[in-house]
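Trainee: Pasting a structure here, questions to come.
The values are calculated or read from the model by the stated rules, or taken from the named source; none is laboratory data. These figures come from a predicted structure and were not determined experimentally. Cβ atoms come from the backbone with ideal geometry, glycine included; neighbour counts cover every protein chain shown. Ligands, DNA and RNA are stripped out before the accessible areas are found, and what is left, the full protein with its side chains, is counted by its heavy atoms. Shrake-Rupley method; radii C 1.70, N 1.55, O 1.52, S 1.80 Å.
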Amino acid sequence: MESCCINQFLEGKTIFITGATGYLAKILIEKILRVQPNVKKLYLLIRAPDSNSAKERFNNEVIKTDLFRVLREKLGANLHSLIQDKVFPVPGDIACDNLGINSDMQDEMCREIDIIVNSAATTRFDERYDTAIRINAFGTLNVLKFSRQCSKLKMLLHVSTAYVCGEKEGLILEKPLHYGETLNGGSQLDIEVEQKLVEETLKDLKARNAAEKEVTLAMRVLGIERAKIHGWPNTYSFTKAMGEMLLGHLKEDLHLIILRPTIISSTYKEPFPGWNEGLRTMDTFIVGYGKGKQNVAMGDRESILDVNPWINERGTPVKVKKFHLLDGMASLHKYIAIHYMPLLKILKWANLILCQRLQTLHSNLERRINRVIRLAELYKPYTLFKGIFNDTNAEMLRMATTESNADDTFNFDPRTIQWEKYFKEIHIPGLVKYVF
């Protein structure tokens with residue numbers, strides 16, 4: 001498949017992308033418009049109550065971002081006409097039947113769509129269980145149902161995560177998840193039962209007149225509990241696994257491709273190096289350290305950490321402390337017990353003696369300690385991950401693109417990346433510019 005053939009494949013195609021205001025979808029939209037402006041149509045599903053609101057979100061959250069700078073410079077005033085002709089924001093929601101799309105628009109789309117890319121998801125590790133199962137599991141099922149109605153459909157491309165494997169160690173083969181399987185060899189996973197459990201729990205909370213904050217906490221705790229019962233470390237990877245199971249079980253003869261990215265970071269080369277948006281998995285620690293707010297985390301001691309000084313609002317570099325990389329939760333609790341708990345106890349007693357005058361200081365320190373522990377628990381499956389992903393399928397595709405001279409436009413070979421240079425000269429400066 002040569003580079004020109006990839007472009008020829010995209011030429012004249014109608015592509016439907018869900019989660020269009022998300023990080024990956026924006027990069028995909030920009031790439032398509034830049035390398036193949038002769039695509040026929042891009043239908044973009046955007047959560048919005050009506051067409052005008054969907055267009056407004058698209059303009060503000062997609063086109064106006066710095067990601068589209070190269071395209072704006074390349075096309076100038078012609079970019080507006082290209083978008084008017086090719087791009088169609090569609091109000092809807094994958095959590096709704098028929099994706100929340102009105103019947104007239106749905107009929108038109110189902111007659112025209114060639115490719116569907118499902119990148120819609122909630123990616124918070126400890127998301128409310130009701131939200132995560134509604135979007136990542138049954139939302140994915142809704143996309144599959146919609147796909148079956150598209151008469152010209154050539155493929156459904158579903159973006160999942162490599163961490164549907166849980167916390168396995170050693171070589172992890174790329175194989176599909178079977179409907180109902182668990183990672184710990186326990187009882188079969190019944191997704192319908194999980195949904196009923198969510199509904200019953202919400203009903204009980206409502207009967208007790210629980211405050212919204214209490215409901216949110218209960219749903220987050222439930223998600224983590226149910227995930228761990230079946231062998232997954234968190235709600236995100238658990239419900240993404242459910243989505244894969246539903247697709248595999250019900251796809252019938254549909255041409256389905258599942259992508260399992262690992263950790264997503266800023267752009268490497270295209271459309272320019274270093275574009276980022278929001279905090280990715282590892283960036284929480286980099287930003288916290290760079291701002292001088294955090295100096296401890298868990299991870300592999302063989303890893304190299306190197307960050308550029310951040311210039312604060314007063315124009316002076318933030319002085320960061322020596323960074324402590326710990327190898328597990330036991331080490332973390334020991335570190336906190338030695339370095340933070342004595343001060344917390346002193347503040348507690350001083351606060352009592354001084355009639356609550358030190359309450360703010362005590363509360364802030366306690367909150368910082370709890371935040372570090374919470375982040376460590378959330379990120380432990382990734383910072384201490386011992387698995388090695390088999391990428392035979394990706395390697396076969398890389399070989400095909402290399403042999404056909406397609407890698408200039410569609411290069412995705414990580415072996416060409418100098419990782420230390422990437423982090424020091426591209427990713428971290430990008431974080432400083434777009435996230436800090």
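Trainee: Can you find a residue that is over 30 Å from L375 (Cα atoms), open to solvent by less than 40 Å² (accessible area, probe 1.4 Å) and aromatic (F, W, Y) anywhere in region 121-132?
Mentor: Within region 121-132, none of the residues are over 30 Å from L375 (Cα atoms), open to solvent by less than 40 Å² (accessible area, probe 1.4 Å) and aromatic (F, W, Y).
Condition check ((1) at pLDDT 95 or above; (2) open to solvent by 40 Å² or more (accessible area, probe 1.4 Å); (3) under 17 Å from G139 (Cα atoms)) across all residues:
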| residue | (1), (2), (3) |
| --- | --- |
| N184 | no, yes, no |
| D190 | yes, yes, yes |
| K203 | yes, yes, no |
| E212 | yes, yes, no |
| V221 | yes, yes, no |
| A227 | yes, no, no |
| A241 | yes, no, yes |
| H249 | yes, yes, yes |
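Trainee: Collect the residues in region 65-122 that are among the small types (G, A, S) and over 21 Å from I135 (Cβ atoms), keeping them in residue-number order.
Mentor: The answer is G76, A77, S81, S103.
Trainee: In this structure, is S151 touching a residue at least 40 places away in the same chain (Cβ under 8 Å), of a type in the set (S, T, N, Q), under 25 Å from T18 (Cβ atoms) and open to solvent by less than 30 Å² (accessible area, probe 1.4 Å)?
Mentor: Answer is no for this residue.
Trainee: Is it the case, given these coordinates, that A25 is of a type outside the set (F, W, Y) and within 21 Å of V159 (Cα to Cα)? Explain how you work it out, then say what you get.
Mentor: On the way: of a type outside the set (F, W, Y): yes; within 21 Å of V159 (Cα to Cα): yes.
Considered against the rule, which asks whether it is of a type outside the set (F, W, Y) and within 21 Å of V159 (Cα to Cα), A25 comes out as yes.
Trainee: If you don't mind, another one. For region 46-99, which helices (runs of 4 or more DSSP H) that fit wholly inside it have 1 or more residues that are in contact (Cβ under 8 Å) with a residue 60 or more places away in the chain, open to solvent by less than 70 Å² (accessible area, probe 1.4 Å) and over 27 Å from V143 (Cα atoms)?
Mentor: 69-75
Trainee: Mind checking which residues of region 27-45 are more than 24 Å from the chain's Cα centre (by Cα) and without any contact (Cβ under 8 Å) to a residue 60 or more places away in the chain?
Mentor: Q36, P37, N38, V39
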